[in-house]
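Okay, structure first, notes after.
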There are 2 protein chains.
Amino acid sequence: MATNLQTVDWVDGKLRLIDQTVLPRELAYLDYEDWREVANAITTMVVRGAPAIGCTAAFAMALGARSIQTEDWQTFRSEMKEIALVTRSARPTAVNLMWAVDRILRVIDRHQGSVEQAKWAAEDEAVAMLDEDLKVNRALGRNGAELLPEDSTVLTHCNAGALACVGFGTALGVVRAAVEAGKAVRVIADETRPRLQGMKLTAWELLQDGIPVTVIADNMAAVLMRDGKIDCVVVGADRIAANGDTANKIGTYNVAVLAKHHGVPFYVAAPFSTIDMTLPNGTGIPIEERDLLEVTHMDGVRIAPQDAPVWNPAFDVTPNDLITAIITEKGVVRAPFEEKLRALSQQ
Amino acid sequence: MATNLQTVDWVDGKLRLIDQTVLPRELAYLDYEDWREVANAITTMVVRGAPAIGCTAAFAMALGARSIQTEDWQTFRSEMKEIALVTRSARPTAVNLMWAVDRILRVIDRHQGSVEQAKWAAEDEAVAMLDEDLKVNRALGRNGAELLPEDSTVLTHCNAGALACVGFGTALGVVRAAVEAGKAVRVIADETRPRLQGMKLTAWELLQDGIPVTVIADNMAAVLMRDGKIDCVVVGADRIAANGDTANKIGTYNVAVLAKHHGVPFYVAAPFSTIDMTLPNGTGIPIEERDLLEVTHMDGVRIAPQDAPVWNPAFDVTPNDLITAIITEKGVVRAPFEEKLRALSQQ
């Protein structure tokens with residue numbers, strides 16, 4: 001029942017990504033050797049989803065390190081700083097990107113003085129993160145699966161699946177783990193305008209696995225909740241503040257308000273690398289605003305009137321009081337979040 | 001500031017409709033002489049919006065009457081019954097359709113015995129309804145305009161504008177009347193998936209009038225409300241039950257829940273012809289489910305994965321406890337609605 005999709009992979013010294021801009025029309029892979037192109041693949045959303053962005057950024061750093069033509073440590077380290085800066089700015093909201101860049105920098109610094117060793121260590125660390133991501137997702141999936149009723153319908157928003165990670169998924173990892181545990185789980189996928197990741201990615205990857213899924217327009221979820229057809233909501237996260245406030249795909253806050261109104265449990269599933277203990281609350285999370293063409297055009301064709309002003313924030317912040325629990329690889333955390341998240345983050 | 005758009009018109013013995021399936025790409029008019037084609041134009045949404053559907057149905061009846069080749073009253077009346085049946089079934093939710101068909105039948109019956117007089121009377125009544133619709137919208141617009149702050153931002157869902165009526169609009173009629181009264185009003189238009197009437201029709205017609213409008217994906221409204229950027233919600237209606245429960249475009253209930261959560265006033269603007277006093281509450285309102293291609297395809301191009309199951313209800317019902325007031329041509333009605341609506345309906 002587990003998907004075989006590997007969204008981020010390291011093959012013969014090249015980074016291999018599933019090109020998510022052409023799904024579900026086509027399952028195509030792109031290989032990268034140039035770190036700048038990898039950073040650009042994050043910006044243009046060839047790869048998206050906080051954990052996948054994190055691992056991809058690690059390879060941007062490893063490929064960047066390899067590209068530096070010097071044996072002088074100071075020069076190397078200074079060029080790495082520049083590569084880190086560019087990679088970090090590929091997208092602003094998902095903290096996994098910053099976390100992964102910092103992790104590679106720390107590994108490099110452990111080999112201070114030896115450029116060659118630092119380059120190999122960076123690559124080894126990035127490769128280790130692939131495996132780690134899968135293990136973390138399987139662990140959080142098992143933790144979250146216990147929260148789902150034996151026979152249940154889960155609403156999810158955007159894509160927090162195998163395509164948002166190296167594989168398996170966070171929110172969809174919870175679903176997959178529940179299915180593996182023998183539970184009868186169906187998914188309702190919000191299509192998730194403007195980029196339709198719910199329709200194009202979530203529905204597609206669940207269909208690959210034979211997990212029942214129904215796509216709805218984002219504004220249909222309220223009626224399903226009112227009619228008792230949603231047992232719980234499970235979404236991913238791009239950044240979670242210390243108090244549990246959660247930035248995720250635009251529309252997540254909408255779903256959280258609906259869940260509260262209808263008494264439906266609202267779960268956030270994310271690895272600890274998504275938790276930013278440096279931010280006391282969600283007001284400090286930078287919210288990316290993306291190209292207005294994402295709203296006004298569909299697959300390259302204009303759908304909006306000429307000159308119609310539009311707004312296109314990529315994320316919103318769900319306040320902690322709308323979140324029933326945060327599902328992590330270290331356990332399920334319920335409100336109040338801060339103390340428990342801090343304790344787990346130090347484990 | 002008032003739009004010159006006439007969505008439904010009677011020109012040289014033909015029904016002229018704006019073809020709303022090609023907006024905003026093109027402003028095109030279609031002329032009809034065959035009543036069956038008129039009923040089909042309602043089904044295929046060449047014309048849509050409860051008041052516009054009502055007037056169009058009246059012309060389907062008038063053209064139907066004209067097409068009957070008999071001078072025998074019984075035969076004529078029996079064929080009219082058939083025409084009424086087909087016209088009524090063009091779409092199930094908007095009660096204005098049934099109201100308009102019944103109104104033409106009553107006029108015909110006033111000329112019992114004279115087929116020729118009945119045919120002319122049906123046509124005269126349909127033509128009178130055009131003018132009446134504009135007057136009703138202007139009256140409800142003035143009533144609703146008083147509810148808007150001097151400087152305000154109104155969120156609307158779908159299109160309850162000139163394009164949903166003969167002209168002027170219901171929800172957008174309130175906005176237009178407020179602008180005419182000198183208020184500074186801006187509109188946030190939910191794009192309104194799946195058919196995008198908010199993006200394709202509401203934004204387009206407000207741009208024609210120079211009224212400031214910004215299009216958002218449906219799932220962006222929650223954040224704007226949280227940030228205090230929406231002063232009130234004004235939507236139209238397809239059918240209002242005696243207790244105030246309101247069927248309107250899918251997603252309206254979602255917006256109403258959000259408005260309640262954020263303390264934002266939620267207004268329904270509709271003519272009395274939209275109120276169905278025969279239904280005690282919203283559970284009796286039939287909800288149309290439309291072709292799944294409306295969700296899976298965009299302008300004829302598939303956007304969903306092959307074989308992805310989808311759901312496509314065209315309407316939802318907002319319960320009366322989420323509605324701050326119902327704006328009609330006879331006045332603004334606040335909860336509890338039933339007694340007041342019943343009293344006004346008898347005026």
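The values are calculated or read from the model by the stated rules, or taken from the named source; none is laboratory data. Quick caveat, the model's predicted, so the values are computed rather than measured. Backbone-built Cβ (ideal geometry, glycine too); neighbour counts: all protein chains shown. Areas reflect the complete protein model, heavy atoms only, side chains present, ligands, DNA and RNA absent. Shrake-Rupley method; radii C 1.70, N 1.55, O 1.52, S 1.80 Å.
Numbers at a glance
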read-out: Label distances, nm, B:D151 versus same residue in remaining copies, Cβ-directed 7 Å point; value: 5.8
read-out: Heavy atoms of B:L134 accessible to a 1.4 Å probe, total area in Å² rounded to 10; value: 50
read-out: Projected label distance in nm at A:N4 and A:K229, using a 7 Å step from Cα toward the beta-carbon; value: 3.4
read-out: Label-to-label distance, nm, for residues given as A:V301 and B:A181 (7 Å Cα→Cβ offset); value: 4.2
read-out: Distances in nm from B:E132 to the matching label points in the other copies, shortest first (labels 7 Å along Cα to Cβ); value: 7.3
read-out: Average other protein chain Cβ within 10 Å of Cβ, residues A:299-306; value: 6
read-out: Exercise: per-residue mean of other protein chain Cβ atoms within 10 Å, B:211-217; value: 6
read-out: Considering only chain A, percent of DSSP beta bridges that pair antiparallel, nearest 5; value: 50
read-out: Under 5 Å, built H, 5+ apart or other chain: amide partners of B:C232; value: B:T153, B:L155
read-out: Most mobile of B:A242, B:A122, B:A308 in a GNM of chain B (Cα contacts under 10 Å); value: B:A308
read-out: Dipole moment magnitude, nearest 20 debye, chain B about Cα centre, only Lys, Arg, Asp, Glu C-beta charged; value: 620
read-out: Principal-axis tilt of helix A:50-67 within chain A, Cα atoms, nearest 10 degrees; value: 10
read-out: Largest to smallest accessible area among B:S152, B:S114 [probe 1.4 Å]; value: B:S114, B:S152
read-out: Percent of beta bridges antiparallel (DSSP, the stretch A:220-347, rounded to nearest 5); value: 60
read-out: Part-to-part distance (alpha-carbon centres) for the stretch A:7-40 and the stretch B:193-210, which is given in Å; value: 38
read-out: A:S67/B:R16 FRET efficiency (R0 60 Å; Cβ-Cβ; nearest 0.05); value: 0.35
read-out: Between 0 and 90°, nearest 10: helix A:73-88 axis offset from chain A longest Cα axis; value: 20
read-out: Choice from B:V101, B:V46, B:V268 showing the highest fluctuation, given a GNM over chain B with Cα pairs closer than 10 Å; value: B:V46
read-out: Rounded to 10°, Cα long-axis angle of helix B:252-262 versus longest principal axis of chain B; value: 30
read-out: Summed side-chain charge close to A:L15 - residues other than A:L15 whose Cβ falls under 10 Å, Lys, Arg +1, Asp, Glu -1; value: -3
read-out: Where a label projected 7 Å from the Cα of A:D151 along Cα→Cβ would reach, residues of the stretch A:172-189 with amide N under 19 Å; value: A:178-188
read-out: The stretch B:232-347 - charge dipole about Cα centre, Lys and Arg +1 at Cβ, Asp and Glu -1, debye rounded to 20; value: 440
read-out: For the pair A and B, total buried accessible area rounded to nearest 100 Å², probe 1.4 Å; value: 4000
read-out: Gaussian network model of chain A, Cα within-10 Å springs - most flexible of A:R302, A:R142, A:R226; value: A:R302
read-out: Accessible-area order (highest first, 1.4 angstrom probe) of the listed residues A:V234, B:V332; value: B:V332, A:V234
read-out: Mean ellipticity per residue at 222 nm, deg cm²/dmol - from DSSP H runs of n ≥ 4 across chain B, formula -39500 (n - 2.57); value: -12500 deg cm²/dmol
read-out: Highest-first arrangement of A:249-260, A:20-31, A:176-187, where packing means the average Cβ count within 10 Å; value: A:249-260, A:176-187, A:20-31
read-out: Inter-copy spacing of A:L85 label points, which lie 7 Å from Cα along Cα→Cβ, given in nm from shortest upward; value: 7.8
read-out: Of all DSSP beta bridges in the protein assembly as shown, antiparallel share, percent nearest 5; value: 50
read-out: Dipole in debye (nearest 20) - the protein assembly as shown, about Cα centre, beta carbon charges: Lys, Arg +1; Asp, Glu -1; value: 1060
read-out: Solvent-accessible area of A:L322 with every protein chain in place, 1.4 Å probe, in Å² to the nearest 10; value: 10
read-out: Average partner coverage of B:255-263, which counts Cβ from other chains inside 10 Å; value: 3
